[in-house]
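To keep things clear, I will list the structure first and then write my remarks on it.
The values are calculated or read from the model by the stated rules, or taken from the named source; none is laboratory data. This one's a predicted model, so the numbers in the text were calculated from it and none came from an experiment. We place every Cβ from the backbone using ideal geometry, glycine too, and count neighbours over all the protein chains shown.
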Amino acid sequence: MSTLSPPAPSARIANEGLILGYSSMGHALMHYMAAFFPYIAVGMAASWGEPGKPLDHQVVLLPLWQLAAFLLGLVALPSGWLSDRWSAPGMIVVMFMGMGVSSIACAFVPDRDFLLLELAMAALGVFAAIYHAVGIAWVMRNSSRPGHAMGINGVFGSAGLAACGAVTGLLINFFSWRAAFLVPGVVCLIIGLGLLYHWKTGRVSDRPMPAMTGKAPSRGDLVRVFIILTVTMFAGGVIWQAIQYGAPGLFEQRMATEIDWLQTVTNGQLAAEAKKMAFWVGLFGSAVYLASGVTQYFLGGLSDRYSLKTVYTICAFLQILAMVGLGLLPGYGVLVAAMASAIISSASGPAENLLIGRYTPTKYHGLGFGAKFIVAFGAGPVAIWLIAHLKALTGSLELLFLGLAATGVLVWLVALMLPSGDSKPAASPAVPRPVPAE
């Protein structure tokens with residue numbers, strides 16, 4: 001094989017920009033489509049229930065996403081393995097196209113066909129599982145400033161979550177719950193075709209992870225970090241998923257008075273009366289992740305400037321306080337607590353990803369990130385089960401979030417045991433390694 005000369009700086013910058021762009025759009029859409037069903041379920045409750053008797057969407061409809069949530073974690077590991085052995089950009093193409101087709105299929109499920117909807121959403125979970133095992137490592141390997149790039153990538157993930165509630169609510173309000181599945185599916189197909197073109201023409205590529213400066217981690221540190229992050233990522237995953245799937249129900253229950261007031265103040269011009277709950281709950285959900293996205297660009301850089309352990313443990317402690325707020329605060333207080341939790345997660349995410357990149361050999365990056373998201377997203381079914389059963393037993397979710405505050409204490413204590421020494425990627429320009437498109 002002939003030796004390839006390094007690309008010109010302009011080509012390198014363009015490649016890095018395209019990788020960050022496509023990966024960030026994938027991050028946004030993946031989070032959007034992994035979080036939109038709790039909002040869609042609010043809009044489906046009436047049409048899928050008996051006449052005059054809407055379904056309890058958290059008890060009946062939300063569990064339909066449980067299989068998708070399980071696959072969202074499980075499929076991450078084989079996705080990372082395929083990425084290591086085949087192609088990161090190729091896997092992201094598969095993700096876009098698969099999510100698009102699956103979401104469109106959900107839009108055409110007949111009313112009250114619970115099994116068919118569950119299966120279509122399970123396919124959506126399979127393809128959405130590709131992103132985190134592949135996309136984050138792809139960006140990290142190809143960025144000259146990984147912490148900064150991870151911050152931008154995280155902003156897009158938060159933007160997807162921020163858009164999810166409001167856009168879903170608007171689509172339901174002005175069209176129907178079917179449009180809430182159809183529109184993002186079409187967007188995925190269009191972006192997937194764009195990436196396929198840039199990949200086939202060699203405008204996007206890949207390269208190995210840059211060498212790390214500083215002392216290489218010992219085998220003991222590798223094992224220690226693996227065990228610690230397994231515990232913290234699972235517990236943190238339950239917390240994250242409980243907020244993602246439980247926040248709509250919290251807003252619906254604790255902010256009913258505020259929603260009635262907002263509906264009165266706007267004279268019902270923004271939301272149809274029959275669909276007002278789906279609209280306003282969606283808007284509040286978007287506000288949570290909009291706050292997270294606005295701050296994430298700045299918070300992502302913390303991992304470039306400070307110890308990864310310091311950033312990670314401080315965020316773990318602050319998350320405990322946010323969980324207590326979600327468990328106890330009424331009205332707008334629960335909205336503020338949800339915003340605080342999302343912002344804290346925005347700060348800790350890049351540090352966690354860089355810890356994995358630091359302590360995982362390059363050739364196993366896909367497997368490393370796949371393992372992370374088996375653990376993190378594998379917590380999704382646990383969170384959904386807790387939400388459905390505690391809501392059915394107690395009529396509220398207060399005990400859930402107070403229990404998660406206690407779980408947060410465990411996360412913080414375990415995170416304190418992380419090694420103190422950090423190493424950072426060597427300051428060298430990102431030189432892509434051409435990857436065959438076939």
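A Cβ distance below 8 Å, combined with a sequence gap of six or more or placement on separate chains, defines the contacts here; from the range 182-205, residues that are under 13 Å from residue 18 (Cβ atoms) reach residues that are assigned to a helix (DSSP H, G or I) and hydroxyl-bearing (Ser, Thr, Tyr) in the pairs 191/22; 194/22; 195/22; 198/22; 204/22.
Residues that are under 29 Å from residue 175 (Cβ atoms), modelled with pLDDT of 90 or more and of a type outside the set (A, V, I, L, M, F, W, C): does the range 114-130 have at least one? Yes, because at least one residue in the range 114-130 is under 29 Å from residue 175 (Cβ atoms), modelled with pLDDT of 90 or more and of a type outside the set (A, V, I, L, M, F, W, C). Scoring residue 145 on the criteria (1) surrounded by 20 or more Cβ atoms within 10 Å (Cβ to Cβ); (2) over 17 Å from residue 61 (Cα atoms); (3) at pLDDT below 90 leaves a single failure, condition (1).
Taking residue 373, is it assigned to a helix (DSSP H, G or I) and either under 21 Å from residue 252 (Cα atoms) or at pLDDT below 75 (or both)?
Numbers: assigned to a helix (DSSP H, G or I): yes; either under 21 Å from residue 252 (Cα atoms) or at pLDDT below 75 (or both): yes.
Yes.
In the range 250-273, the count of residues that are in a helix (DSSP H, G or I) and at pLDDT below 75 is one or more. Restricted to the range 339-370, and to residues there that are of a type in the set (Ser, Thr, Tyr) and modelled with pLDDT of 65 or more, the residue that is nearest to residue 74 (Cα to Cα) is 360. Report, by residue number, each residue of the range 86-144 that is of a type in the set (Asp, Glu) and assigned to a helix (DSSP H, G or I). 118, the sole residue that qualifies.
Note on the range 277-310: residues that are at pLDDT 80 or above, over 30 Å from residue 262 (Cα atoms) and buried (at least 23 other Cβ atoms within 10 Å of the Cβ) total 0.
Would you please list the contacts, defined by Cβ atoms under 7 Å and residues six or more apart or on different chains, that run from a residue in the range 74-89 that is of a type in the set (Ser, Thr, Tyr) to a residue that is outside any helix (DSSP H, G or I)? Correct list of pairs: 79/129; 87/435.
Scanning the range 159-186 for residues that are assigned to a loop (DSSP other than H, G, I, E, B) and of a type outside the set (A, V, I, L, M, F, W, C) turns up just one, 176.
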